[in-house]
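Derivation of every value follows stated rules applied to the coordinates shown; laboratory data play no part. The structure presented is a predicted model; accordingly, all values stated were derived computationally and were not measured. For neighbour counting, all protein chains shown are included, and Cβ atoms are generated from backbone atoms with ideal geometry for every residue, glycine included.
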Amino acid sequence: MFQKQLITRGYKNPNICSKSRRSNKTNQVDFHYMEFPFVNDTIQRKVKNIFRSANLPVRIYSKNRNLRSYLHNNTIQDLCSLKECPLKSNLCLKKNCVYLMTCTKCQAEYVGSTKRPLHQRVKEHLNSCGSSVYQHHSKCLADFNTQILARDNVINRLRLKEAINIKHRHPTINSKSECDELMHLIY
C-alpha cells in the first residue's frame, strides 16, 4: 500500500515523470515515461505491475547505451602504474564498478564499490588499519581474489547495485554499519 501511495504522489509530481506522449486516438490515455535503473528483469516486472495494478498510465524505461559508447574502442591498453599492484589481473584500471574480494584461505567475502581505478581502492583496503579487509587480512594472512560484479557510470545506481549485492551475498567481511547504511537504498 505504501508503494502505491508513493507512486501515486510521484505520478502527480511533474518532476518525477519526465516525458509524456499523447496518442492521436481519443479513447487512449496519455502515458508518462519514468526512468528507472535496470537491475534485473524481475525487479523491472514488479515495478511495472505496481503501476498497472494502480491503473496509472506510466511506462518504465531504462536508458540504453548511446552510439558513442558502442563505437568507442579503447585499442590502446593502459598498463598498471602501481608498484606492487594488489591485483594480479587486467582489472587494475577498471572504474565505476561494484567489486567482490574473496579471501583465498577461508573464502570470506567483501563487497564494495568505487568510482576510481579498482587497484587504487583495493590497495587502500589492504593498507588502512581501519578497514575491515585489512583486519581480516591480518588475521587470515592470505591474499584476496577480486572480481567485478557490476558497473555503472551513475553513482546512485552504482551504490544501489552495491546494496543489492550485499543483500544477496551477505559478505562476512563487510562491517555491520556499512551494510545498514546501504540497505536504506533498497527499502
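Summary table
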item	result
Under-5 Å amide H pairs with LEU149, H placed in peptide plane, nonlocal only	VAL98, TYR99, LEU100
Long-range amide H partners of VAL58 with built H, under 5 Å	HIS32
Members of LYS123/LYS167; LYS105/LYS167; LYS46/LYS88; LYS95/LYS167; LYS139/LYS161; LYS46/LYS139 lying beyond 32 Å, as alpha-carbon distances in this model show	LYS46/LYS88; LYS46/LYS139
Calculated FRET efficiency for the pair ILE148/PHE38, C-beta based, R₀ 25 Å, to 0.05	0.90
Length added when fully stretched, ASN90-ASN49, from 0.36 nm per residue minus Cα-Cα	10.7 nm
Net charge contributed by nearby residues that have their C-beta within less than 11 Å of PHE144 (K/R +1, D/E -1)	0
5 angstrom amide H check on LEU82, placed H, neighbours 5+ away	none
Calculated from backbone phi, Karplus (6.51, -1.76, 1.60) coupling profile of region 137-154 in Hz, x at Gly/Pro	4, 6, 7, 8, 6, 10, 7, 10, 8, 10, 9, 8, 9, 7, 9, 6, 8, 9
